Every structure is written in structure tokens, then in C-alpha cells.
Amino acid sequence: MKKYILSHDFGTSSDKIVLFSLDGNIIKSHSETYPTYVDFPGCSEQDPEDWWKAFCHGNEIILEGIDPGEIACCAIDGTDPDLICLNEKDEVLHRCLMWNDTRGKEEAAAWNEKAEVKELPKLSYNSHIARILWMMKHNPEVIERSTHIFSTNHSYLIYRLSKESVCDSDSAVDSGMYVKAIKDWDPLILKEIKLDRSLFPRVVGPTEIVGYIQKGVSEECHLIEGIPLIGCYPDASAAAVGTGAYLLHHAILSCGTSAGIMYTAEEESFGFKAGAFSVSVGSSYNWVLETLLGKRDHALAEEMLKESPAGAHGVIFLPYLSGERSPFIDPDAKGTWCGLNKAVTKADLLRSAVEGIMMNLSLFLKEIREKGYPVEEMSITGGFSKSDAICQIIADVMDVKLYTLKDTDLSAAIGSAVLGGVALGIYEDISVVKQFLKTDKVFTPNKENAEYYASRLSLFRKIHEQLTPLYPEL
């Protein structure tokens with residue numbers, strides 16, 4: 001008898017493993033971390049073998065005392081767009097170029113110069129194809145020896161578990177080389193880069209059974225042969241499912257290493273009418289903590305944030321420590337503190353960092369509201385939701401009533417479990433997520449602070465615009 005859904009959420013820094021009962025209750029949860037290699041500016045790499053070790057060890061921990069034969073399916077989400085290349089022996093040819101690796105910017109720029117003439121789509125600097133172009137230029141033997149090219153870490157893991165080469169539909173779109181009209185990889189792009197279609201996985205829906213765990217790996221990963229695998233979504237989209245962002249007129253602020261605002265304005269099964277994701281969020285905040293405090297001391301940061309008033313005594317922080325992809329595309333953008341003087345304290349610098357990150361994200365909200373969708377309430381998921389001080393700043397900067405959710409750090413794993421349950425017919429559709437959503441705290445905006453931040457938003461944007469031509473020289 002099947003009793004459980006096993007969910008793996010492979011984020012940028014860790015694999016969150018959650019075992020759910022079929023009625024949506026969390027039985028156990030566990031997290032396995034793995035390193036990111038930043039060998040030089042613009043580089044962000046991970047070793048796929050670290051993901052595999054996390055998957056196997058995580059299963060061993062979470063399934064202690066559990067019969068793996070009672071697992072209905074294993075649902076996996078992950079990061080995108082990445083670049084993982086395998087040879088004919090299924091060996092990894094190069095450490096994975098992660099979604100926040102910016103080395104493809106020159107290749108993307110060169111491509112875009114000829115795109116219109118050749119009737120090719122333009123590329124973002126952090127697209128999957130930009131990373132392929134970078135690899136072809138700097139390590140051509142990697143692409144030449146490749147028999148499989150994946151754009152997500154969960155595609156790699158599914159392949160290792162089942163030998164099925166698949167990519168979920170959202171990740172395919174994010175890759176920059178997928179054509180929705182034909183539901184396949186862009187033949188014009190493949191022709192231009194001289195790569196065969198067979199190198200790339202078949203594209204699947206988020207609620208499809210994409211393969212089954214094979215006998216050869218089942219013992220190593222502490223599961224049994226034949227468990228169905230669900231390819232789900234990239235982690236951000238899985239989190240959107242897990243927090244109810246696909247529910248009509250429901251706004252979600254997802255805050256992790258990257259972050260964004262998601263809002264469904266019309267009845268659609270899968271797809272947003274508004275929303276986008278910034279790269280300059282959790283990673284920028286962690287850098288500020290480590291630089292100011294010497295470590296990620298969240299308890300101390302919580303107290304310091306309360307010591308500085310709204311506006312941080314005039315200091316404004318631009319959070320672009322890894323460039324930016326949205327609300328504007330600029331891989332050369334740099335982090336900046338403006339308005340420093342001798343009276344500024346560490347508490348002011350810390351608060352200005354949170355305010356700057358949130359003002360950057362509030363540009364998304366401004367666009368949504370300008371489209372005629374009033375957003376007065378919002379739920380938050382991710383690491384920032386654990387800080388009362390940060391949540392109050394968010395409520396003030398965005399002028400929304402902000403709700404934190406229980407188990408917010410597991411939202412992507414919840415979303416993947418929901419998708420897995422739909423794939424197996426356990427749940428009728430993703431609206432079942434309402435059973436999973438439990439409000440924890442509510443933060444009401446301080447109207448005086450909200451008005452102040454609204455007046456500062458144009459200055460925030462103006463500072464960025466003035467610095468934009470200078471970024472490449474810095």
C-alpha cells in the first residue's frame with residue numbers, strides 16, 4: 001500500500017528532502033548542503049556528484065524506519081538554466097555552470113548582434129544557450145564529446161536514476177532555445193550552433209511520470225526499483241505551486257538566493273500573467289552580513305535592523321553583486337552604497353541593504369499594479385520570511401499586508417509533492433495546495449513608512465540609471 005510522496009527540492013545551496021503523507025502532512029524533512037565553486041568573478045559552478053551524494057544520503061536519513069515500498073513517487077525540482085554535459089559513458093565532462101554564472105555575457109552579446117539579420121531569437125546573458133556558446137569557445141572538447149546536454153540539475157538526477165533524458169516545460173522555456181509553438185528545441189538555434197537535436201532531452205509536462213528508478217541505482221540511493229519519477233518544475237516554479245501563486249489573484253513573494261513576485265491575474269492552469277525574478281537577493285544579503293558582521297549572524301542582524309529607522313538615515317543600497325537579470329538585464333551591474341556619511345552606522349548599512357533589495361523587487365510590483373491589478377496582500381516564502389524585522393520592512397516598502405506561511409522554506413518541496421500527487425491521480429489538480437497552506441504571522445504596513453519608501457523608489461531607479469554606463473568600467 002502506498003502511503004507517501006517523497007520530494008526533493010534541489011536549490012542553489014542545498015537539497016531539501018521532505019516525506020509527505022498522501023493527505024499532505026509533513027512526516028519528515030531534512031536538508032543536505034553542497035558547495036558552489038566561485039573560482040573567479042562571474043564563475044559559479046557545482047559538481048553534479050555532490051547532488052547525487054546529497055540525494056542518496058538525504059534518502060538514507062529521511063527513510064529511516066520507513067518502508068521504501070510505500071513510496072508512491074519521487075518528485076524532483078531544481079535550478080535552471082544550468083549547463084551539464086555528459087559523455088557516452090554518462091560521465092560529467094565539466095562542473096555544472098550554474099544559473100547565476102555570468103560568463104556567457106560576451107557570447108550572448110555577439111549572438112544578439114547578428115540575431116535580427118539571421119532571424120534568430122535574442123539571448124539573455126544567463127540563458128542555457130549562452131552557456132553552451134561560452135563552453136564551445138573556451139572548452140570546445142566538452143561539447144564535442146557530449147552525448148547529453150542538460151539545463152537543470154533535476155534533469156541530470158532523473159537521468160541518473162532512470163536513464164530517461166527529460167526536461168520540464170518551464171525549464172525548457174527558461175533555456176532560451178525552446179519554441180512553444182512546436183513544443184521542441186528551436187531548430188534555427190540548433191542549426192546555427194551546429195548541434196544535433198539528439199543531444200537534448202525530450203520536453204515533458206510538470207505532472208507527467210517521466211521514468212522509473214532503475215535496479216542498478218536503487219540500493220545506492222536507498223529506494224527500490226520501479227518508483228515513479230516526476231520531473232516537476234524548476235525550483236522557483238515549484239515554490240509557486242507550493243505557495244499558491246497559481247491560485248487566481250494570489251500574490252507571492254518568493255525570497256531565496258534569487259527572488260521574485262508572482263501573481264496570477266487570469267484563470268490559467270500553469271502560467272503567470274505577471275511577475276519576474278531578480279538575482280540580487282539572498283546572496284547579496286548574505287554578503288552584507290558576512291562583510292559587516294564577519295558571519296551570518298541572523299539573531300544579531302534581527303536586533304540591528306530594529307536600531308535603524310526607515311530610510312536608514314538616507315543610505316541607499318543597490319544590491320547588484322552578481323549583475324542583474326530582472327527587472328532589467330545587466331550582467332555588468334555592481335553593488336553600491338549611496339549617501340554615506342560619518343554618522344552612518346553598521347545598523348544603517350544593514351537596513352539599507354534590506355531596503356535596497358526590496359525596492360528592487362518592488363519594481364516588479366509596480367509593473368503589476370500599473371497593469372490594473374491591485375495587490376494589497378501578499379504571502380512570502382523563503383529565508384527572509386523567518387525574520388520579523390525584514391518582513392515588516394517588506395510590508396512597508398511594498399505597502400502590502402504580508403503573510404508568512406508555516407514550513408515556508410519547504411514551499412518548493414510542497415509544490416513538487418502536489419505535482420507528483422496530480423501525476424499519480426491522487427489529487428485532481430493543483431488547487432489541493434490549499435490544504436498545505438497555513439498562515440503563521442501577519443505584518444501590516446506602517447502607512448507613514450510606506451509613503452516614504454514610495455517617494456524614494458524613483459531616486460533608487462535614478463541612481464541605477466545614472467550608474468549604468470559606468471558599470472563596465474568598474
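The values are calculated or read from the model by the stated rules, or taken from the named source; none is laboratory data. Predicted model, so just to flag it, every value in this text is computed and none were measured. Methodologically, a virtual Cβ is constructed for each residue, glycine included, from the backbone with ideal geometry; neighbour enumeration extends over all protein chains shown.
Key figures for this structure:
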read-out	value
Residues of the range 108-132 that turn out to be buried (at least 22 other Cβ atoms within 10 Å of the Cβ) and of a type outside the set (Phe, Trp, Tyr), as a count	9
Check on Ile66, in the same structural domain as Gly226 (by TED's automatic domain parsing), more than 30 Å from Asp332 (Cα to Cα) and buried (at least 24 other Cβ atoms within 10 Å of the Cβ)	no
Residue match in the range 178-197 (condition: closer than 24 Å to Glu49 by Cα and not charged (D, E, K, R))	no
Filter result for Leu350 (closer than 15 Å to Val281 by Cα, surrounded by 20 or more Cβ atoms within 10 Å (Cβ to Cβ) and out of contact with any helix residue (DSSP H, G or I) (no Cβ under 6 Å at 6 or more places or on another chain))	no
Failed item in (1) without any contact (Cβ under 8 Å) to a residue 12 or more places away in the chain; (2) assigned to a helix (DSSP H, G or I), with Ala238 passing the rest	(1)
Test set (1) over 21 Å from Asp330 (Cα atoms); (2) touching a Ser or Thr at 6+ places or on another chain (Cβ under 6 Å) - Met1 fails condition number	(2)
Condition broken by Glu448, with the remaining ones in (1) surrounded by 15 or more Cβ atoms within 10 Å (Cβ to Cβ); (2) closer than 21 Å to Gly311 by Cβ satisfied	(1)
Looking only at the range 353-380, and only at residues there that are closer than 16 Å to Val279 by Cα and of a type in the set (Val, Ile, Thr), the one that is surrounded by the fewest Cβ atoms within 10 Å (Cβ to Cβ)	Val354
Of the criteria (1) outside any strand (DSSP E or B); (2) touching a Phe, Trp or Tyr at 6+ places or on another chain (Cβ under 9 Å); (3) under 19 Å from Ile230 (Cα atoms); (4) touching a residue at least 60 places away in the same chain (Cβ under 8 Å), which one Ala54 fails	(4)
Residue tally, condition out of contact with any Asp or Glu (no Cβ under 8 Å at 6 or more places or on another chain), without any contact (Cβ under 8 Å) to a residue 60 or more places away in the chain and surrounded by fewer than 18 Cβ atoms within 10 Å (Cβ to Cβ), over the range 420-438	2
Every residue from the range 57-82 that is in contact with a Ser or Thr (Cβ under 9 Å, 6 or more places away or on another chain), within 12 Å of Asp15 (Cβ to Cβ) and part of a helix (DSSP H, G or I)	Gly58, Ile62
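Conditions tested, residue by residue: (1) in contact (Cβ under 8 Å) with a residue 24 or more places away in the chain; (2) buried (at least 17 other Cβ atoms within 10 Å of the Cβ); (3) touching a Cys at 6+ places or on another chain (Cβ under 6 Å); (4) not assigned by TED's automatic domain parsing to the domain that holds Val418.
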| residue | (1), (2), (3), (4) |
| --- | --- |
| His8 | yes, yes, no, yes |
| Gly11 | yes, yes, no, yes |
| Ile17 | yes, yes, no, yes |
| Ser21 | no, no, no, yes |
| Gly24 | yes, yes, no, yes |
| Tyr34 | no, yes, no, yes |
| Val38 | no, no, no, yes |
| Ser44 | yes, yes, no, yes |
